[in-house]
Each structure stands twice: as C-alpha cells, then as structure tokens.
Amino acid sequence: MEDTKRQLLTDCGLDIQDISGKGKGVVAIRSFSRGEIVFSEHPLLTQNLTRNNTTVLSALAECTAVQREQFYSLYNCHADTLPAELGIFETNVLPCGGNDAHGHVAKLGGVFLFGSRFNSSCKPNVNNRWDGGTREVVFRAVRDIEVGEELCIGYGSLLAKRDERREELWRKFKFECRCEACMLQDQDLADSDTRRECLQILFREHSKRLRGDPMEGIGEVCIHFEPPTTNALDF
Ligand SMILES: [Zn+2]
C-alpha cells in the first residue's frame with residue numbers, strides 16, 4: 001500500500017497489521033467510542049448483481065493505474081474457481097445499499113482499498129453502512145474500542161444461527177469463522193442462537209413500522225429490551 005494511503009489510515013487511528021491465524025487485519029491505534037465514525041471511504045469500483053469478469057475488467061479499464069494496482073493488491077479467496085478479477089471482487093465486495101435480515105441483497109456492491117481489509121466477526125465492533133448521498137461506506141464503532149483491538153465488520157447474516165452463518169461464510173468467502181460468537185459451546189451457543197433468532201423475529205415484526213414511522217418503531221423495539229430505559233433511544 002502506498003505510504004500516503006497508509007498515512008491516511010494512521011491519521012484515522014488505524015493500522016494494517018498481521019493478525020494471528022487471519023493474515024492481515026485492521027487494528028485500532030487509538031480508542032474509539034461507541035457511535036463514533038471510524039472512517040468513510042469511496043469505492044475503488046462498483047458492480048451490480050449481474051456482474052461477471054468482463055464487467056469487472058471494463059470497470060477496471062476506467063480506473064487509474066494506481067487504483068488498478070490497489071485492486072490487484074487485494075486478497076482473492078476464489079482463485080481456484082473464478083477468473084482473477086471477478087475472484088478479487090467477490091472476495092472483497094461490501095454492500096453499497098441496504099442488505100437486510102430477510103436476505104434482500106443490495107443491488108450494488110463495491111470494493112474498497114481500506115474497508116475491504118476489515119476481517120469478519122459475527123460479533124463485530126464496527127458497522128458498515130452505505131451513504132447514498134455521499135456515495136461512501138461509513139464505518140462506525142458499535143461499541144467502545146480499545147487501543148490494540150482488531151476492528152471487524154460482519155460479512156454475513158448476523159441474525160442467523162451459528163451453523164447457518166458458518167455455511168454462508170464458507171460458501172461466499174471460503175473460511176470457517178472462528179470468531180468469539182462462533183466458538184461458543186453448549187448452552188452458551190444455544191443462548192446466542194436463541195438471541196439472534198429473537199432479534200430476527202423482532203426485525204421482521206417491526207421493520208415495516210421502522211420504515212413508516214422510525215421513532216415509533218424504535219420505541220416499540222425498545223420495550224423488548226431489559227431493563228427498561230427512560231430514554232427510548234438508549235439501547
Ligand atoms: Zn463467526
């Protein structure tokens with residue numbers, strides 16, 4: 001990675017480091033507070049759902065030489081089964097739009113020089129959300145993060161049970177997830193699966209209302225969380 005790009009990352013309080021058993025990953029070199037924007041980034045290139053190697057090559061032809069070099073520096077977990085460019089894209093794609101718990105997939109996906117370097121966790125400490133106005137992905141801390149912690153996003157369906165999550169991650173990204181949630185055993189694992197199942201039901205029940213009247217919808221969801229809070233927005 002170019003020094004200037006790496007400096008930009010350092011300025012945000014982040015570094016790319018070796019992570020035991022995972023290759024490279026993004027590590028905090030300063031603390032972050034829950035809700036804080038870690039950074040935001042425009043995609044190197046985007047593709048819609050009908051993409052193939054030819055469309056990725058066409059998009060690359062529109063990129064600068066530096067961007068092409070950055071693209072080819074990204075990891076490819078599909079080297080054995082897909083053409084190189086499509087393999088790199090599918091390995092590193094992040095949604096540029098809303099994915100949801102019903103399996104709806106964003107119509108646009110993008111590859112990011114930095115954002116595509118986050119490793120996955122089924123209990124992520126960072127959320128990635130596409131901002132259609134600025135056409136950037138915004139990465140935001142979802143809990144307090146200490147110096148030295150690895151920053152992870154969720155690649156798959158976080159509301160699915162462990163075995164379903166692992167199947168999805170293996171199919172799409174060719175790794176067996178060994179995050180702290182997937183390594184739970186016995187009753188702890190059963191409890192985790194049950195919590196996610198409950199959240200999926202809540203999501204299904206309230207998503208229509210959240211779209212229609214977000215404040216009322218959030219208030220309804222809050223009554224399912226214990227202990228009750230006086231501030232409906234304080235999760
Ligand atoms: Zn996991």
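The values are calculated or read from the model by the stated rules, or taken from the named source; none is laboratory data. These numbers come from a predicted model, not from an experiment. In this analysis, Cβ positions are derived from the backbone assuming ideal geometry, glycine residues included, and neighbour counts consider all displayed protein chains. Accessible surface is based on the protein model in full, side chains and every heavy atom, while ligands, DNA and RNA are left aside. Shrake-Rupley method; radii C 1.70, N 1.55, O 1.52, S 1.80 Å.
Under the condition of being aliphatic (A, V, I, L, M), surrounded by fewer than 18 Cβ atoms within 10 Å (Cβ to Cβ) and at pLDDT 95 or above, the residues counted in region 83-104 number 1. Of the residues in region 159-186, how many are more than 8 Å from the ligand (Cβ to nearest atom), closer than 21 Å to Cys77 by Cα and in contact (Cβ under 8 Å) with a residue 12 or more places away in the chain? The number of residues fulfilling the criteria is 5. For region 162-187, taking the residues that are of a type in the set (D, E, K, R), out of contact with any Phe, Trp or Tyr (no Cβ under 7 Å at 6 or more places or on another chain) and in a loop (DSSP other than H, G, I, E, B), the one that is most open to solvent (accessible area, probe 1.4 Å) is identified as Arg178.
Elements of the type helices (runs of 4 or more DSSP H) sitting completely within region 1-81 and holding at least 2 residues that are closer than 20 Å to Gly109 by Cα: these cover 53-62, 65-72.
The residues of region 56-102 that are of a type in the set (Ser, Thr, Tyr) and more than 22 Å from Arg165 (Cβ to Cβ), listed by number, are Ser58, Thr64, Tyr72, Ser73.
Tallying residues that are within 11 Å of the ligand (Cβ to nearest atom) and in contact with a strand residue (DSSP E or B) (Cβ under 8 Å, 6 or more places away or on another chain) within region 143-158 yields 4. Close Cβ contacts (under 8 Å, 6 or more residues apart or on different chains) running from residues in region 194-208 that are of a type in the set (A, V, I, L, M, F, W, C) to residues that are part of a helix (DSSP H, G or I) comprise Leu202/Val221. Evaluating Phe118 against the criteria (1) open to solvent by 40 Å² or more (accessible area, probe 1.4 Å); (2) within 16 Å of the ligand (Cβ to nearest atom); (3) of a type outside the set (Lys, Arg); (4) touching a residue at least 24 places away in the same chain (Cβ under 8 Å) leaves one unmet condition, (1).
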